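Have a look at the structure below, then the notes.
A short reminder: the numbers here are calculations on the coordinates, not readings from a lab. What you see is a predicted model, and the numbers here were worked out from it, not measured in a lab. Here the Cβ positions follow ideal geometry from the backbone for every residue, glycine too, while neighbour counts run over all protein chains shown.
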Amino acid sequence: MFSIWPSPIRAALFLALPLVALTACEDQAQQQAGGAPPPPTVTVAEPLVRDVIEEAEYTGRFEAVEFVELRARVSGYLDSINFQPGDVVQAGDLLFVIDQRPFQLDVDRAEADLSQERTALRLAIRERERAEQLVANRNISESVFDERVQTEQASRARIQASQAALRQAQLNLEFTEIRAPVSGRISREQVTVGNLISGGTANATLLTTISSVDPIYFFFDVNEADYLRFARVAANQGDAERTRVTLALADETEFINQGEVDFVEPRFDFETSTVTLRAVLDNPNGTFIPGLFAKVRVPATDEFEAILVPDDVVGTDQTTRFVYVIGEGDVAEARPVITGPLIEGFRVIEEGLRPGERIVINGLQRVRPGAPVTPEPGEIRDVFAESRP
């Protein structure tokens, strides 16, 4: 029979086959001698037991405590603007000046009229005094004397009218200087120098707006059920209008801003099925501005003791939630638990777990229920202790 292998090669293969078989047998024997692989290593720790408060979270908006639209009280041409847009102004600061010349003329005219009426009054007084002597001597009739008295009284009335006209002219002159009625941050000007401004109460020209900065309000709406929970907690605390809340802005992950609820709308809104609450916050740096949205947390329960575990160690098996508990012999058990609310990233365990038991907090993917593990002691970061003052 013809073969492609030379005779020396066939001889070498026949000699190597027993060696390969012997090596395979030795490897199998070593595996049998070594036994099963060691149990997987996992990190374990005891659950936290802390006094906590369940909080409800809402979205709301900031609004200024004081907001003013500046409008002129008198009409005229705008003469000067004495601020920069975005400035923080104080109550009483001069912001706009309307051309004062026409109003100064009105003051001068009113002063002249008053001076004229005072001169007329002095004359009327002298004539009335002479008439008193003449009527006493029966040199003039009683009717003539009455005319002198009436002339004096009319002159006094005209002086009062002139004084009122002078005060009105002076007030209009004062109104040409438009000052800040409140302290706060001023917006941009709505008109420029040289434009005619309409004053008065109807159709008055809007000049600019001022929003107070510190403190600032935060409004948010809660549904009926949450409002009732909040009201009960507030009543238990004994101060329903000073419940403390925490806020987080859009770029913040932690609720680090402190405030207090100072007002609850006394009427339920049937259209939105909500009640409006208002919190007040300090704003010394002006970080919060009106119209800005934020999230707020409000206490929804009284303080209670709870067993807490990191939320990511709680597993789900269809409708059951569980945690891996390490029991005797370091055997892992998938313990069913009843969970409560999520607080600061920790899940409240209402039933199924006892204080002091060891739970798996790292290496969950290597755990098999009923199988042993190699536990390594770990520690759960106590964010509740860190947040205490």
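Which members of region 295-314 meet the condition of being surrounded by 15 or more Cβ atoms within 10 Å (Cβ to Cβ) and out of contact with any Lys or Arg (no Cβ under 7 Å at 6 or more places or on another chain)?
Our first condition is that a residue be surrounded by 15 or more Cβ atoms within 10 Å (Cβ to Cβ); within region 295-314, this holds for 295-301, 306-310, 313-314.
Across region 295-314, the qualifying residues are LYS295, VAL296, ARG297, VAL298, PRO299, THR301, ILE307, PRO310, VAL313.
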Give the number of residues within region 149-198 that are of a type in the set (D, E, K, R) and free of Cβ contacts under 8 Å to residues at least 60 places away in the same chain. 5
Positions within region 334-362 being surrounded by fewer than 15 Cβ atoms within 10 Å (Cβ to Cβ) and over 29 Å from THR253 (Cα atoms), in sequence order: PRO336, GLU351, ARG354, PRO355, GLY356
Within 30 Å of GLU66 (Cα to Cα) and either loosely packed, with under 15 Cβ neighbours inside 10 Å or out of contact with any Phe, Trp or Tyr (no Cβ under 7 Å at 6 or more places or on another chain) (or both): which single residue out of GLU111, GLU177, GLU142, GLU127 fits that description? GLU177
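Just to check your reading of the model, which residue among TYR227, TYR217 is assigned to a strand (DSSP E or B) and out of contact with any Leu (no Cβ under 6 Å at 6 or more places or on another chain)?
Details: TYR227 fails: assigned to a strand (DSSP E or B).
Every option except TYR217 fails the conditions.
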Just checking, does region 55-75 include any residue being under 20 Å from the mean Cα position of the chain (by Cα) and in a loop (DSSP other than H, G, I, E, B)? yes
Does ALA294 fit the bill of being in contact (Cβ under 8 Å) with a residue 40 or more places away in the chain, part of a strand (DSSP E or B) and more than 33 Å from the chain's Cα centre (by Cα)? no
If you take the residues in region 129-176 that are assigned to a loop (DSSP other than H, G, I, E, B) and of a type in the set (Val, Ile, Thr), which one is farthest from ALA72 (Cα to Cα)? ILE140
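Output the residue which, of all residues in region 239-284 that are small (Gly, Ala, Ser) and surrounded by 14 or more Cβ atoms within 10 Å (Cβ to Cβ), is farthest from SER211 (Cα to Cα). Working first, answer last.
From region 239-284, those small (Gly, Ala, Ser) are 240, 248, 250, 259, 273, 279; that's our starting set.
With surrounded by 14 or more Cβ atoms within 10 Å (Cβ to Cβ) added as a condition, the list becomes 240, 248, 259, 279.
Details: ALA240: 28, ALA248: 22, GLY259: 19, ALA279: 17 Å.
Residue satisfying both the conditions and the ranking: ALA240.
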